[in-house]
Amino acid sequence: MDLDDLKAPATPACAAALEVATAYCTPALLNHSVRAYIWAAAHGTARGIAHDPELLWVAAMFHDIALMPEFDSHTVGFDDASGHVAWVFAAGAGWPVPRRRRLVEAVVAHMLDEVDVRRDPEGYLLERSTSLDISGRHMEDFSDAFRAEVLARHPRLGIAEEFLACFRDQADRKPESSPAAALRNDIAGRILANRLDIP
């Protein structure tokens, strides 16, 4: 699979989503978001999973945005808060309400244990891709060569430690949140053992 074929769709919404993510995300989190799209689009393309590339790109750019202080919520977990940010962005982009709902579903779905590909293909792909990038699941989806090419273009920049620190902070302040549940299920061990971080 050619990595150049997995670029963001050339739409105003995709360009604006990247601009927002670049302005607010750390370099490591921005690269994670780009890789999340690449893994998702590559898997969907290879498996013939019909999906909306524009919606998938925007979801990837915003799925972790509420880990950043500017969008952190003291009342809901980062996945729900990121969904709210995505909704507001999509409204500004002129997306109709049903499309905004689909975007929010995909953003929130990335923290679920399982997503129905028939009902939410973008959420399914984003859950699978973020699981690969953060905790090393589904490593078999891609060849060693393809993974190496993606990481060479979009390096990890210490995402494991940064992400784990964000999750621990979320869990301390919001014990009912998805990061707290993930930490109780030993996501820390999986993050630190992710083969993507092992040279």
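Within segment 41-76, which residues are open to solvent by 60 Å² or more (accessible area, probe 1.4 Å), part of a loop (DSSP other than H, G, I, E, B) and not hydrophobic (A, V, I, L, M, F, W, C)?
Gly48, His74, Thr75
Restricting the first residue to segment 9-32 and requiring it to be closer than 13 Å to His63 by Cα, which pairs with a second residue that is polar (S, T, N, Q) meet a Cβ separation below 7 Å and a spacing of at least six or different chains?
Hits for this filter: Ala21/Ser33; Cys25/Ser33; Leu30/Thr22.
On the basis of being hydrophobic (A, V, I, L, M, F, W, C) and open to solvent by 20 Å² or more (accessible area, probe 1.4 Å), does Trp87 make the cut?
Yes; evaluated as a whole, the condition is true for this residue.
Within 26 Å of Thr75 (Cβ to Cβ), touching a residue at least 40 places away in the same chain (Cβ under 8 Å), in contact with a Leu (Cβ under 6 Å, 6 or more places away or on another chain) and surrounded by 19 or more Cβ atoms within 10 Å (Cβ to Cβ), is that true of Ala106?
Spelling it out, Ala106 is indeed within 26 Å of Thr75 (Cβ to Cβ), touching a residue at least 40 places away in the same chain (Cβ under 8 Å), in contact with a Leu (Cβ under 6 Å, 6 or more places away or on another chain) and surrounded by 19 or more Cβ atoms within 10 Å (Cβ to Cβ).
In segment 37-77, how many residues are under 24 Å from Glu176 (Cβ atoms), within 12 Å of the chain's Cα centre (by Cα) and aromatic (Phe, Trp, Tyr)?
Residues in segment 37-77 being under 24 Å from Glu176 (Cβ atoms), within 12 Å of the chain's Cα centre (by Cα) and aromatic (Phe, Trp, Tyr): 1 in total.
Are any residues in segment 110-124 surrounded by fewer than 24 Cβ atoms within 10 Å (Cβ to Cβ) and assigned to a helix (DSSP H, G or I), and if so, which ones?
The one that is surrounded by fewer than 24 Cβ atoms within 10 Å (Cβ to Cβ) and assigned to a helix (DSSP H, G or I): Pro121.
Quickly run through segment 159-186 and pick out the residues that are under 16 Å from the mean Cα position of the chain (by Cα) and open to solvent by less than 40 Å² (accessible area, probe 1.4 Å).
Matches in segment 159-186: Ile159, Ala160, Phe163, Leu164, Cys166, Phe167, Ser178, Pro179, Ala182.
Of a type in the set (Phe, Trp, Tyr) and over 17 Å from the mean Cα position of the chain (by Cα), is that true of Phe146?
So Phe146 passes the test.
Taking the stated definitions as given, is Ala10 open to solvent by 20 Å² or more (accessible area, probe 1.4 Å) and either assigned to a helix (DSSP H, G or I) or not charged (D, E, K, R) (or both)?
It is true that Ala10 is open to solvent by 20 Å² or more (accessible area, probe 1.4 Å) and either assigned to a helix (DSSP H, G or I) or not charged (D, E, K, R) (or both).
Consider only pairs whose beta carbons are under 7 Å apart and that are at least six residues apart or on different chains; among these, list those whose first residue lies in segment 38-52 and is farther than 18 Å from Val115 by Cα and whose second residue is open to solvent by 40 Å² or more (accessible area, probe 1.4 Å).
Pairs found: Ala46/Met1.
Could you check segment 20-40 and list, in sequence order, the residues that are exposed (fewer than 14 other Cβ atoms within 10 Å of the Cβ) and touching a helix residue (DSSP H, G or I) at 6+ places or on another chain (Cβ under 9 Å)?
Thr22
For segment 125-150, enumerate the residues that are assigned to a loop (DSSP other than H, G, I, E, B) and open to solvent by less than 60 Å² (accessible area, probe 1.4 Å).
Gly136, His138, Phe142
The values are calculated or read from the model by the stated rules, or taken from the named source; none is laboratory data. Computed from a predicted model, the values in this text were never measured in an experiment. We place every Cβ from the backbone using ideal geometry, glycine too, and count neighbours over all the protein chains shown. Note: accessible area is taken over every heavy atom of the protein model, side chains too, but ligands, DNA and RNA are not part of it. Shrake-Rupley method; radii C 1.70, N 1.55, O 1.52, S 1.80 Å.
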